[in-house]
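Peer 1: Here it is, the structure in full.
The values are calculated or read from the model by the stated rules, or taken from the named source; none is laboratory data. Because the structure is a prediction, the values reported are computed rather than measured. Here Cβ is always computed from backbone atoms with ideal geometry, including for glycine, and neighbour counts include all displayed protein chains.
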Amino acid sequence: MLARDRMQPSLIEKLFDEAPKHYEEEHHRLFRDFKVALNRGEIRAAEQDPGAKSGWRVNAWVKKGILLGFRMGAIADMSIDATKQPFFDKSTYPVRTFTASDGVRIVPGGSSIRDGTYIGRGVICMPPMFVNAGAYVGEGTMIDSHALVGSCAQVGRNCHISAGAQIGGVLEPAGALPVIIEEEVLVGGNCGVYEGTVVKRRAVLGTGTILNRSIPVYDLVRDAVYTATDTEPLIIPEEALVVPGSRAVSHPVGAKWGLSLQAAVIVKYRDAKTDARVQLEDLLR
């Protein structure tokens, strides 16, 4: 039986849409089962859909369940040492627990992974990094120092989320597609990927690249411009190598002042030389 069948999405949606005056034990049990399914990767905030232009569709009921947890929880003292490191958060979202058998490397130094996330085997977490509730991180991916994987973000297998990179969270509205990073993507240092952007497999984002619904992407190789629309996210093609760029301001005053606006530029597509330069550090694994 599929996890979504056992979970009965209708129960999650009913509890989300018709909040009771008090949450009973049956409600908390439903949410605990929901988080277990998230932790196992049996349910996800978004999943692949060959029929969609982006290749993905959102599971709004899962996002409602994640939001439900914030509504149900009360602030609780979760401090390991209340004097040296106080820690207060929603009782429904403690730090996720791991054992050595999970096969996840969490290097000491202040990293945090919230409960309700899927962290695949072979994932490497370099300190300090943070993964928020509802995120999915595929097997063999490295999350480097000071990197963020936001709520509901979906990161594929064998990716590298470099130091200081931010994979934005899209938790609300429930029907909005979260940020998607497909397999074998390299997200360079200090990059930012936001607002439901889809980065297709084996793409490379050069250091400092920012992607969101307002920034156009100019493809020099294919003579095309990619932007988000009212109904579709920004989509970065497979194997594209994207770097930060700028575009001239056409407004007369902006032109007079020599101003430019932020843009992103696809300068090439992956080849053997690119693969050699961006391969993950196997010696660290």
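Peer 1: Scan the stretch 16-35 and report the pairs whose first residue is in a loop (DSSP other than H, G, I, E, B) and surrounded by 16 or more Cβ atoms within 10 Å (Cβ to Cβ) and whose second residue is modelled with pLDDT of 95 or more and not basic (K, R), with Cβ atoms within less than 6 Å and a gap of 6+ or a chain change.
Peer 2: Y23/M72
This table checks each residue for (1) under 23 Å from D275 (Cβ atoms); (2) under 13 Å from the mean Cα position of the chain (by Cα); (3) not hydrophobic (A, V, I, L, M, F, W, C).
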site	(1), (2), (3)
V179	no, yes, no
G189	yes, no, yes
V198	yes, yes, no
I210	no, no, no
R222	yes, no, yes
E238	yes, no, yes
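Peer 1: Further, regarding this structure: Select from the stretch 77-103 the residues that are at pLDDT 95 or above, of a type outside the set (S, T, Y) and over 28 Å from E25 (Cα atoms) and list them in ascending order.
Peer 2: A100, D102, G103, listed by residue number.
Okay, residues lined up against (1) crowded, with 17+ Cβ neighbours inside 10 Å; (2) in contact (Cβ under 8 Å) with a residue 40 or more places away in the chain; (3) not hydroxyl-bearing (S, T, Y):
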position	(1), (2), (3)
F88	no, no, yes
I113	yes, no, yes
G116	yes, yes, yes
N132	yes, no, yes
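Peer 1: Between G134, G169, which is part of a loop (DSSP other than H, G, I, E, B), modelled with pLDDT under 95, within 13 Å of the chain's Cα centre (by Cα) and not aliphatic (A, V, I, L, M)? So that I can check it myself, show each step before the final result.
Peer 2: Numbers: G134 fails: modelled with pLDDT under 95.
Result of the check over G134, G169: G169.
Peer 1: Find the residue count for the stretch 104-122, including only residues that are out of contact with any Gly (no Cβ under 7 Å at 6 or more places or on another chain), assigned to a loop (DSSP other than H, G, I, E, B), on the phi < 0 side of the Ramachandran plot and not polar (S, T, N, Q).
Peer 2: 4
Peer 1: Just wondering, is there one or more residues in the stretch 221-231 that are surrounded by 14 or more Cβ atoms within 10 Å (Cβ to Cβ) and either under 18 Å from I161 (Cβ atoms) or charged (D, E, K, R) (or both)?
Peer 2: no
Peer 1: Still on this structure: When P50 is evaluated against the numbered criteria (1) in a loop (DSSP other than H, G, I, E, B); (2) surrounded by 14 or more Cβ atoms within 10 Å (Cβ to Cβ), which criterion, by number, is the only one it fails?
Peer 2: (2)
Peer 1: Continuing with this model, one more query. Based on what the data block shows, is G164 in contact with a Ser or Thr (Cβ under 9 Å, 6 or more places away or on another chain) and in contact (Cβ under 8 Å) with a residue 40 or more places away in the chain?
Peer 2: Working: in contact with a Ser or Thr (Cβ under 9 Å, 6 or more places away or on another chain): yes; in contact (Cβ under 8 Å) with a residue 40 or more places away in the chain: no.
Considered against the rule, which asks whether it is in contact with a Ser or Thr (Cβ under 9 Å, 6 or more places away or on another chain) and in contact (Cβ under 8 Å) with a residue 40 or more places away in the chain, G164 comes out as no.
Peer 1: While we're here: Test A203 against the stated conditions and say whether it is under 19 Å from R157 (Cβ atoms) and among the small types (G, A, S).
Peer 2: yes
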